[in-house]
Amino acid sequence: LHKTKVTVVGSGNWGSVAAKLIASNTLRLSSFHDEVRMWVFEETLPSGEKLTDAINRNNENVKYLPGIKLGKNVVADPDLDNAVNGANMLVFVTPHQFMEGICKRLVGKIKGDVEAISLIKGMEVKMEGPCMISTLISEQLGINCCVLMGANIANEIALEKFSEATVGYRENRAIAEKWVHLFSTPYFIVTPVQDVEGVELCGTLKNVVAIAAGFVDGLEMGNNTKAAIMRIGLREMKAFSKMLFSSVKDSTFFESCGVADLITTCLGGRNRKVAEAFARSGGKRSFDELEAEMLQGQKLQGVSTAKEVYEVLSHRGWLEFFPLFATVHEICIGSLPPSAIVEHSERKPEL
Ligand code: NAD
Ligand code: 13P
């Protein structure tokens, strides 16, 4: 019997938790090969040891997910080609800015019948317009690509606290079910939704709203203001998604990938945390500096996503319809003070 082999491309905070979740299931499900390979962007730890060696020796990602055992069947591999070789299912989970380079390195090396899924929240903006990360993977590698997004703060799932997620798929329901099977555990409930763009845009755009929520926290404006910013943000998420892809469904915003992810990220995410510190500094300290100081190598997605969204909005003449998205970017680059988030966000002509 041919067993399905799974490789996880990425080994950050969420990447390591995804490998742990998957590895608990490949052990349990007879249709999967037990071993899960995890590609590691190699680095040297302060001790002088390579991160990959430390992960394999401790069965723990000591840098990005300390204190959590990954499962003995997770094998870290710093060689990208070797890590994907022979895999039938590829799970992409790196910060979005690295995916173009990773795809370039993989071109021509992946068979057409391999299935992929992206857990990456973000997008690229090209000359032709915005390109979702699942589309980048799909087009560059010539393979089908689903997405998995949801209210999934990685450190909480690492501790096996109950949460939900959404798999977005294009046409093939059976493939979506296979991904659901691979990820689901009693504490991680996964629902398939036929709206890949809607699911991916929810995961991507909520990071911009979380930056806005962090500004509100830094300005100590209270819960009502923060809830207002989240509501306005959700409205912009829905409008932007539908203006880009008319196929996006309203119901998707009520799934875990929509309102639930927006809430958890605005309450407890990294984007929120660093944006709060930025506002507390009065915009004097840069996001890059704060990210390096506060996140120890983990990466923010919201600041670059705000820039990417801004490029789309200005290119299409939509800026006036999305005051919250536009203002977040203008605050991040220092053209507006953090307090502008409240003053500007509600100034909007009716869509
Ligand atoms: P992370 O923020 O921990 O990022 C650090 C990772 O990037 C490390 O593995 C590091 O080795 C790698 N890296 C650094 N430089 C690199 C380079 N030049 N090329 C390739 N890799 C490089 O990563 P994460 O938390 O796993 O996030 C990955 C994706 O998952 C993001 O899109 C994020 O939005 C999403 N996500 C994260 C969480 C969470 O709670 N952490 C939850 C849901 C979704
Ligand atoms: P942060 O990157 O802001 O921590 O958000 C994590 C997330 O996407 C939770 O679902």
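Remarks
- Among SER314, SER138, SER118, the residue with the largest mean-square fluctuation in a Gaussian network model of the chain, with springs joining Cα atoms closer than 10 Å, is SER314.
- Positive minus negative residues near GLN194 (Lys, Arg vs Asp, Glu; Cβ under 14 Å): -4
- Residues considered: LEU136, LEU201, LEU45. Largest GNM mean-square fluctuation over the chain, using C-alpha springs under 10 Å, is found at LEU45.
- Debye log10 I(q)/I(0) for segment 133-211, one point scatterer per Cα, at q = 0.11, 0.15, 0.27 Å⁻¹: -0.30, -0.56, -1.26
- Cα shape, segment 270-351, gyration tensor, a/c 1.5 rule: prolate
- Close amide H contacts of LYS5 (hydrogens built in the peptide plane, cut-off under 5 Å, sequence separation of 5 or more or a different chain): HIS33, ASN88, MET89.
- Atom-type composition of the exposed protein surface of segment 201-279 places 54 percent of the accessible area on carbon and sulfur (1.4 angstrom probe).
- Cut-off under 5 Å, modelled amide H: who pairs with LYS249 long-range: GLY198
- Bridges between two residues of the chain, per DSSP, are antiparallel at a rate of about 25%.
- Distance between modelled label sites at THR44 and ASN224, nm, 7 Å Cα→Cβ extension: 5.7
- For the chain, taking Cα atoms only, Rg and Dmax work out to 19.7, 63 Å respectively.
- Signed unit charges on C-beta, dipole axis of the chain, positive-most listed residue LEU29, ALA176, THR305: LEU29
- Degrees between helix 270-280 axis and first principal axis of the chain (Cα, 0 to 90, nearest 10): 30
- Per residue, in Å², the accessible surface of the chain once ligands and nucleic acids are set aside, probe 1.4 Å: 42
- As a size descriptor, the averaged projected area of the C-alpha convex hull of segment 210-250 was calculated at 3.0 nm².
- Helical content alone sets the calculated 222 nm signal of the chain at -14500 deg cm²/dmol, taking -39,500 (n - 2.57) per DSSP H segment of four or more residues and averaging over every residue.
- FRET efficiency, GLU346 to THR191 (Cβ-Cβ, R0 35 Å, nearest 0.05): 0.60
- Surrounding net charge for SER247, when Lys and Arg each add one and Asp and Glu each subtract one, Cβ distance under 13 Å: -2
- Filtered GluC sites (Glu not before Pro), segment 95-154: DSSP coil and at most 12 other beta carbons within 10 Å: GLU128
- Taking a ≥ b ≥ c as the square roots of the eigenvalues of the Cα gyration tensor, segment 297-339 is oblate, since a/c reaches 1.5 or more and a/b is not larger than b/c.
- Within a Gaussian network of the chain (alpha carbon springs, distance under 10 Å), most fluctuating of LEU295, LEU51, LEU21: LEU295
- Point-charge dipole on Cβ atoms (K/R +1, D/E -1) for segment 53-204, about Cα centre, debye to 20: 320
- Against the main long axis of the alpha-carbon atoms of the chain, helix 13-28 sits at an angle near 40°.
- Centre-to-centre, using Cα atoms only, segment 208-273 and segment 73-105 are separated by 30 Å.
- Over segment 193-351, relative contact order from alpha-carbon pairs under 8 Å, at least 6 apart, %: 30
- Of all DSSP beta bridges confined to segment 37-118, the antiparallel ones make up roughly 10%.
- The H on the amide N of ILE189, modeled in the peptide plane, is under 5 Å from the matching H of SER163, GLU164, ALA165, each at least 5 residues off or on a different chain.
- The alpha carbon gyration tensor of segment 9-165 gives principal lengths a ≥ b ≥ c with a/c below 1.5, which makes the shape rounded.
- For the pair GLN296 and ARG57, the difference between a 0.36 nm per residue extended length and the Cα-Cα distance amounts to 83.9 nm.
The values are calculated or read from the model by the stated rules, or taken from the named source; none is laboratory data. Model, not experiment: these values are computed from the prediction. Reconstructed Cβ throughout: ideal geometry from the backbone, glycine too, with neighbour counts over all protein chains shown. Areas reflect the complete protein model, heavy atoms only, side chains present, ligands, DNA and RNA absent. Shrake-Rupley method; radii C 1.70, N 1.55, O 1.52, S 1.80 Å.
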